[in-house]
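*Asks:* Mind having a look at this structure? Questions to follow.
The values are calculated or read from the model by the stated rules, or taken from the named source; none is laboratory data. Computed from a prediction, not measured in an experiment: that's the story for all the values here. Reconstructed Cβ throughout: ideal geometry from the backbone, glycine too, with neighbour counts over all protein chains shown.
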């Protein structure tokens, strides 16, 4: 299996999961068609499309791809805002497509119908979990998002995190304010800086790396709780309150 992150728009990634010779590939969240069409001109043959949620910067390229490859399967959550779906999927569904098997996880929070696809030690999670961060809550509640992140945190540590945006360094700026003494966070930030300086994506990350360095997966740690107490002047009660306070802090953060 070959995994590739195609840059798109200003900071999106379109994920390509292909067999070894690149002749069959799954396309995840094609925000625009041009990068996929260019890859196809170089020999890539799409076998299906996986969509995590309805936002245009994750589905905008689908109509043009379907014009080129009519009948291409499009897996998507149950959401009328995704009109191009050929099959709707929900939590716990399993499917096989072009020789790959994936399980669907419902991840409400960023949007109410957001899903992820898990299989082959890969996690395609759209805008729910980012490296060193998480998505904004446009439709869901803090409790929903915290539960979704907790489900992702329980995946095997070697699972590779394939999220939708190159946000690692901007997330790191906030995370280092929250946990300035976290050595795993320092290492991850330095590695990400080197990757970007050499034109490489900082993704995929791994669940193990995020558990060690991502404050949104560490809301029960003493360090994050202490930072929240210092920032807000009061200690959060449970994990959901801690997550909500951390997300509010991040929403107003200016590096």
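*Asks:* Which is within 21 Å of residue 159 (Cα to Cα) and in contact with a helix residue (DSSP H, G or I) (Cβ under 7 Å, 6 or more places away or on another chain), of 202, 206?
*Replies:* Being within 21 Å of residue 159 (Cα to Cα) and in contact with a helix residue (DSSP H, G or I) (Cβ under 7 Å, 6 or more places away or on another chain) holds for just one of 202, 206, which is 202.
*Asks:* Out of region 140-158, which residues are under 10 Å from residue 243 (Cβ atoms) and either surrounded by fewer than 22 Cβ atoms within 10 Å (Cβ to Cβ) or without any contact (Cβ under 8 Å) to a residue 40 or more places away in the chain (or both)?
*Replies:* Passing the criteria: 142, 143, 147, 150.
*Asks:* Would a scan of region 11-27 turn up a residue that is in contact with a helix residue (DSSP H, G or I) (Cβ under 8 Å, 6 or more places away or on another chain), more than 22 Å from residue 108 (Cβ to Cβ), touching a residue at least 40 places away in the same chain (Cβ under 8 Å) and surrounded by fewer than 18 Cβ atoms within 10 Å (Cβ to Cβ)?
*Replies:* No, region 11-27 contains no residue that is in contact with a helix residue (DSSP H, G or I) (Cβ under 8 Å, 6 or more places away or on another chain), more than 22 Å from residue 108 (Cβ to Cβ), touching a residue at least 40 places away in the same chain (Cβ under 8 Å) and surrounded by fewer than 18 Cβ atoms within 10 Å (Cβ to Cβ).
*Asks:* Could you give me the residue pairs with C-beta distances under 7 Å whose first residue belongs to region 212-237 and is in contact (Cβ under 8 Å) with a residue 60 or more places away in the chain and at negative phi, whose second residue is part of a helix (DSSP H, G or I) and surrounded by fewer than 18 Cβ atoms within 10 Å (Cβ to Cβ) wherever it lies, and which are 6+ apart or on separate chains?
*Replies:* Hits for this filter: 213/184; 217/153; 217/211; 219/239.
*Asks:* Looking at region 198-211 only, could you name the residues that are touching a strand residue (DSSP E or B) at 6+ places or on another chain (Cβ under 7 Å) and in contact (Cβ under 8 Å) with a residue 60 or more places away in the chain?
*Replies:* 201, 203, 204, 205, 207, 210
*Asks:* Within region 94-117, track down each residue that is without any contact (Cβ under 8 Å) to a residue 60 or more places away in the chain and part of a loop (DSSP other than H, G, I, E, B).
*Replies:* Scanning region 94-117 gives 107, 108, 109, 110, 111, 112.
*Asks:* Among residues belonging to region 1-10 that are free of Cβ contacts under 8 Å to residues at least 40 places away in the same chain and surrounded by fewer than 20 Cβ atoms within 10 Å (Cβ to Cβ), point out the one that is nearest to residue 162 (Cα to Cα).
*Replies:* 4
*Asks:* Shifting gears a bit: Output the residues belonging to region 181-209 that are surrounded by fewer than 18 Cβ atoms within 10 Å (Cβ to Cβ) and over 22 Å from residue 10 (Cα atoms).
*Replies:* 181, 183, 184, 186, 187, 190, 208
*Asks:* Any chance you could count how many residues in region 14-28 are within 14 Å of residue 72 (Cα to Cα) and either assigned to a strand (DSSP E or B) or at pLDDT 95 or above (or both)?
*Replies:* So the answer is 4.
*Asks:* Moving on to the next point. Could you check, for region 163-171, whether at least one of its residues is free of Cβ contacts under 8 Å to residues at least 40 places away in the same chain and within 25 Å of residue 12 (Cβ to Cβ)?
*Replies:* Checking region 163-171: at least one residue is free of Cβ contacts under 8 Å to residues at least 40 places away in the same chain and within 25 Å of residue 12 (Cβ to Cβ).
*Asks:* Within region 136-171, take every residue that is out of contact with any helix residue (DSSP H, G or I) (no Cβ under 9 Å at 6 or more places or on another chain) and not in a helix (DSSP H, G or I) and give me the one that is nearest to residue 222 (Cα to Cα).
*Replies:* Going through the qualifying residues, I end up with 167.
*Asks:* Taking the condition of being assigned to a loop (DSSP other than H, G, I, E, B) and free of Cβ contacts under 8 Å to residues at least 60 places away in the same chain, how many residues in region 41-77 meet it?
*Replies:* So the count comes out to 13.
*Asks:* Quick check: is even one residue across region 172-180 assigned to a loop (DSSP other than H, G, I, E, B), surrounded by fewer than 17 Cβ atoms within 10 Å (Cβ to Cβ) and at pLDDT 95 or above?
*Replies:* yes
Listed here are the residues, each with its yes/no results for (1) crowded, with 21+ Cβ neighbours inside 10 Å; (2) at positive phi.
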{"residue": "37", "(1), (2)": "no, no"}
{"residue": "51", "(1), (2)": "yes, no"}
{"residue": "67", "(1), (2)": "no, no"}
{"residue": "71", "(1), (2)": "no, yes"}
